[in-house]
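The values are calculated or read from the model by the stated rules, or taken from the named source; none is laboratory data. Worth saying up front: this structure is predicted, and the values here are computed from it rather than measured. In this analysis, Cβ positions are derived from the backbone assuming ideal geometry, glycine residues included, and neighbour counts consider all displayed protein chains.
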Amino acid sequence: MFGNFLRWLINVWLRLTGRVVPYKGHEWLHGPMSGSNIVGREFYQSYADEQGLVVDRTHANGLIDDFAALITNDDPLKLKLNPRIRHFYEHTTQYKLEVWSQWYAPISFFARILIQSVSTKMDQLNIPLEPLETSHGMTNDVLQLKEPDTGRLACACWLRRAVKTGRVVYAGFYSGVVIDGHPMVKVAFPLPNGNVTVLLKVVVQPDGSVKLLSDGKRIGESGYYRVQQRNAESVRVRYLPLKESIHVYEDEIGTLRTDHLFAFWKFKFLHLHYRINPL
């Protein structure tokens with residue numbers, strides 16, 4: 001009952017504070033939305049059927065066809081991109097993920113309530129609350145959804161579950177978009193009657209590592225969007241001051257790692273650390 005109340009409260013908040021945005025001129029807002037209260041691991045196939053897409057389950061599936069294309073040409077460090085990082089994004093299923101989590105107060109208290117009351121019921125966004133939840137590792141399944149006539153990649157579905165609990169940590173749809181001439185990674189997490197859409201700009205660091213950042217300030221820039229279905233022509237959007245920094249790098253002994261930081265306004269509340277090992 002408490003989880004249902006929170007979902008109702010969130011929907012009311014979105015109706016009152018969200019901005020109505022037409023799809024026309026903001027085509028990047030098109031994204032998967034669940035028609036039920038449960039998302040889970042079966043949503044990918046139903047979405048593919050709905051959109052008339054073909055599911056490609058080959059072993060070499062990656063999240064992005066050409067990762068370098070998502071780096072702006074005026075980035076002076078583009079040529080320094082670590083080829084191992086590019087290979088990970090283009091051949092994601094050839095790797096195994098290990099993850100550790102660390103929450104920080106005071107925002108973590110409210111995040112835990114939301115995850116325990118809402119996320120577990122939706123089977124979506126079950127971010128580990130304790131480090132031992134992912135002690136047995138995390139699955140790394142990627143399904144590419146392609147146009148049947150051209151074979152063009154429409155999006156890649158990345159499903160990550162905690163092996164120990166079986167809970168879906170992330171069920172996301174990954175693609176590349178260009179908004180006002182700026183290439184970005186788009187990640188959409190379907191939710192009941194809406195989704196969370198995250199736009200991340202890709203910035204190469206001097207050592208060849210990469211940071212994916214959601215540090216914009218307004219709609220159309222990199223950032224975190226809570227999207228609610230309104231009708232066939234428009235959605236209701238709330239741009240949130242939730243910032244993400246995903247730093248993918250090679251450590252001193254040649255292991256690929258990722259530090260994924262979350263902050264609300266300027267308050268850091270979650271740190272996820274990944275070790276990325278080739279199979």
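So N61 ticks every box in (1) out of contact with any Pro (no Cβ under 6 Å at 6 or more places or on another chain); (2) modelled with pLDDT under 95; (3) surrounded by fewer than 18 Cβ atoms within 10 Å (Cβ to Cβ); (4) more than 19 Å from L199 (Cα to Cα) but one. Which box is left unticked?
Of (1) out of contact with any Pro (no Cβ under 6 Å at 6 or more places or on another chain); (2) modelled with pLDDT under 95; (3) surrounded by fewer than 18 Cβ atoms within 10 Å (Cβ to Cβ); (4) more than 19 Å from L199 (Cα to Cα), only one is false for N61: (3).
In this structure, does K211 turn out to be free of Cβ contacts under 8 Å to residues at least 40 places away in the same chain, basic (K, R) and assigned to a strand (DSSP E or B)? Show your work before the answer.
Values: free of Cβ contacts under 8 Å to residues at least 40 places away in the same chain: yes; basic (K, R): yes; assigned to a strand (DSSP E or B): yes.
In short, yes.
Checking G216 against (1) outside any loop (DSSP other than H, G, I, E, B); (2) under 25 Å from L16 (Cα atoms); (3) under 19 Å from the mean Cα position of the chain (by Cα), only one condition comes out false. Which one?
(1)
Among the numbered criteria (1) more than 19 Å from the chain's Cα centre (by Cα); (2) at pLDDT below 95, which one does P190 miss?
All conditions pass for P190, except number (1).
Could you tell me which numbered condition I276 fails, if it satisfies all but one of (1) over 22 Å from W28 (Cβ atoms); (2) in a loop (DSSP other than H, G, I, E, B); (3) of a type in the set (A, V, I, L, M)?
Condition not satisfied by I276: (2).
Could you check, for the stretch 245-255, whether at least one of its residues is surrounded by fewer than 18 Cβ atoms within 10 Å (Cβ to Cβ) and in contact with a His (Cβ under 6 Å, 6 or more places away or on another chain)?
Checked against the condition, which is being surrounded by fewer than 18 Cβ atoms within 10 Å (Cβ to Cβ) and in contact with a His (Cβ under 6 Å, 6 or more places away or on another chain), the stretch 245-255 yields no hits at all.
Residues that are within 19 Å of the chain's Cα centre (by Cα) and over 29 Å from R236 (Cα atoms): find the helices (runs of 4 or more DSSP H) completely inside the stretch 1-118 holding 2 or more of those.
Details: elements: 2-17, 43-51, 83-90, 107-114.
Ranges flagged: 83-90.
In this structure, is Y174 under 28 Å from R84 (Cβ atoms), surrounded by fewer than 17 Cβ atoms within 10 Å (Cβ to Cβ) and hydroxyl-bearing (S, T, Y)?
Criteria not met by Y174.
What residue, of I253, I219, is closer than 27 Å to G137 by Cα and among the β-branched types (V, I, T)?
Details: I219 fails: closer than 27 Å to G137 by Cα.
That would be I253, the only listed residue that is closer than 27 Å to G137 by Cα and among the β-branched types (V, I, T).
Kindly indicate whether any position in the stretch 126-143 is farther than 19 Å from N61 by Cα and assigned to a strand (DSSP E or B).
Our first condition is that a residue be farther than 19 Å from N61 by Cα; within the stretch 126-143, this holds for 126-137.
Going one step further and asking which of them are assigned to a strand (DSSP E or B), we end up with none.
So far as the stretch 126-143 goes, no, none of its residues is farther than 19 Å from N61 by Cα and assigned to a strand (DSSP E or B).
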